[in-house]
Every structure is written in structure tokens, then in C-alpha cells.
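For reference, the structure discussed in these notes is given below.
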Amino acid sequence: MSVLAKATQTLDCLGAAEGPLRLRDVAAAVGMPKSSTHRMLSELTALGIVRREGDRYAIGPRLLYWGAIASEGYDLRAYAEAPMRRLRDRLGESVHLYVDEDGHKVCIASVESHYSLRPFVALGRPGQLGAGSSGKLLLAFAGDARRRAVLAELARQGDRHAPTVAELDLMRDEQWAVSFGELEDGVVAAATSVCHPDGRLAAVITVSGPAHRLVPERLGEFREPMRECSADIAALLEADVHLTAAANR
């Protein structure tokens, strides 16, 4: 594993933690000797990428700066924020926006439920295509080559929730996918698509929550509100296309 890959793994570990971590906890999580982990953390701290609080480590201020720069590149995120908030307020559950980034599903925006018990989704962290409602729907819109590669990888992993080609085709036709405890026990999610004016997939919206609140009957009632949210975002994307075209005339 390269030094950059090890640094990324270390930052993922710190980012997923609920608070600053001790050296031994980071070393155990990333599978490196304490001495190597200490050198890595020291270098990242000197660069402002990690901050040290006593004998514990956490994400540093430079990542906030980088995050702000990265978010400016996602116009989709800006367009989606208001419709996503309206959907959260209407349904009461967490709403997330996913895109396909180089063959991985990545959450780029979230509006959290007001309930204390809710799923946690890390922004920007690559996830498996074909897994969960978001991963399945993103894969449903992918090209044949990517579909085959992902389904082969899921089969190799022995993923019993992996979709079939026929199921992916149906998800694409219906622009709808659901998952029941596929990624985390007790968590239910539904996904619908957001498309560009030319029909290309722009993103996937999900609503998720604990199984005791998102029973199958209630999940079916989410379909229309989620599609309305998708349509609102798509309309904003279309308006942007027209404004950009007018500005370039």
C-alpha cells in the first residue's frame, strides 16, 4: 500500500470516529504498527490535515478548507439542498444525495432527520455500487461493462443481496429501489433517480431510517414525495442549462 493510500485510510478512520482517537486506536483501525502510525499522524498534523488534542487525534482545519473548495464544484448539491429539506420536513426521515464517482457511490449532500435514532452516512466516502438502495439504482443506470464488473465483484464477495440483471433493468424502468437491512441491520432505505434534461442520470435521492419507522407500507407512501423532490431538482438543473446557453450566445 502506498503512503498516500495509508494517509487516506488514516483520514477515513478519523473522519468516521465520533471523537478524537488515541494513537493505538488509529493504529489498530488501519492495521499499521504504532511507530508508523505515529509518523504518519505527526506529518499530517504538521500540515494541518490532522489536529492533535493531547494524546488524541482528529480531522484538521485544512480539510475544512479543501471541503469548501470541493463543495463549490457540485452545483447539483446547491440545487438539491432546498428540495431535500422540504422532503425531510414532509417525511421526517433523513434524505441523502448520491452520485457515481469513478465506479463508486458517493454521498455528496445530506439533510438529517430530527429523530435521535437515524442512520449515519459519511459525506464523500466511496461506497460499493450495487449495495443498498442508492448503490443498486446507480448501478441500474450504469453501462453494461460496469454492470458486469460490479456484479462479478459482488458475486466474488458472496453478497446475498446483490441484484440480478433483470432486477436492475426493472429498477431503471421504475426509477426506484429499496433495501431492507442490506448494509446495516435494522436500516431501511428507498431511492429514486434525478435525471438531466437529456435523460442522463445526475444523481440518486434516498430516504432512510430505522425499520420500526419505515415499515413496508409507509415506504410505499414515500414514492410520490420522493419523485416530486427529484422533479424539483431536475427542473433547477434544466433552468441552469437554459441560463448557461443564453449567457453563451
**Message:** Against the condition in contact (Cβ under 8 Å) with a residue 60 or more places away in the chain, out of contact with any helix residue (DSSP H, G or I) (no Cβ under 7 Å at 6 or more places or on another chain) and under 22 Å from GLY209 (Cα atoms), how does VAL106 come out, does it pass?
**Reply:** no
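Within region 153-160, is there a residue that is small (Gly, Ala, Ser), open to solvent by less than 50 Å² (accessible area, probe 1.4 Å) and out of contact with any strand residue (DSSP E or B) (no Cβ under 7 Å at 6 or more places or on another chain)?
Within region 153-160 (the criterion being small (Gly, Ala, Ser), open to solvent by less than 50 Å² (accessible area, probe 1.4 Å) and out of contact with any strand residue (DSSP E or B) (no Cβ under 7 Å at 6 or more places or on another chain)), the answer is no, since none of the residues qualifies.
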**Selected residue (criterion: farthest from the chain's Cα centre (by Cα)) from residues of region 203-222 that are more than 12 Å from ALA177 (Cα to Cα) and at pLDDT below 90** = GLU217
**Request:** Would you confirm whether any residue within region 179-200 is in contact with an Asp or Glu (Cβ under 8 Å, 6 or more places away or on another chain), open to solvent by 60 Å² or more (accessible area, probe 1.4 Å) and not aliphatic (A, V, I, L, M)?
**Result:** yes
**Asked** Can you name the residue in region 81-94 that is outside any loop (DSSP other than H, G, I, E, B) and in contact with a Ser or Thr (Cβ under 7 Å, 6 or more places away or on another chain) and, of all such residues, is surrounded by the fewest Cβ atoms within 10 Å (Cβ to Cβ)?
**Response** ARG88
**Prompt:** Which residues, taken from region 137-152, are part of a helix (DSSP H, G or I) and either surrounded by 10 or more Cβ atoms within 10 Å (Cβ to Cβ) or aliphatic (A, V, I, L, M) (or both)?
**Reply:** LEU137, LEU138, LEU139, ALA140, ALA145, ARG146, ARG147, ARG148, ALA149, VAL150, LEU151, ALA152
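Restricting region 15-27 to residues that are at pLDDT below 90 and in a helix (DSSP H, G or I), which is farthest from LEU41 (Cα to Cα)?
Residues of region 15-27 at pLDDT below 90: 15-19.
When the remaining residues are screened for being in a helix (DSSP H, G or I), the result is 15-16.
Numbers: GLY15: 14, ALA16: 16 Å.
Going through the qualifying residues, I end up with ALA16.
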**Message:** Tell me the residue from VAL99, VAL95, VAL50 that is among the hydrophobic types (A, V, I, L, M, F, W, C) and under 16 Å from CYS13 (Cα atoms), please.
**Reply:** VAL50
**Fill in**
Across region 153-177, the tally of residues that are among the aliphatic types (A, V, I, L, M), closer than 18 Å to LYS105 by Cβ and modelled with pLDDT of 95 or more stands at 3
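The values are calculated or read from the model by the stated rules, or taken from the named source; none is laboratory data. As the structure is a prediction and not an experimental result, all values here were calculated from the model. A quick note on method: Cβ atoms are made from the backbone with ideal geometry, for glycine too, and the neighbour counts reach across all protein chains shown. When the accessible area is computed, the model is the full protein with side chains, heavy atoms only, and any ligands, DNA or RNA have been set aside. Shrake-Rupley method; radii C 1.70, N 1.55, O 1.52, S 1.80 Å.
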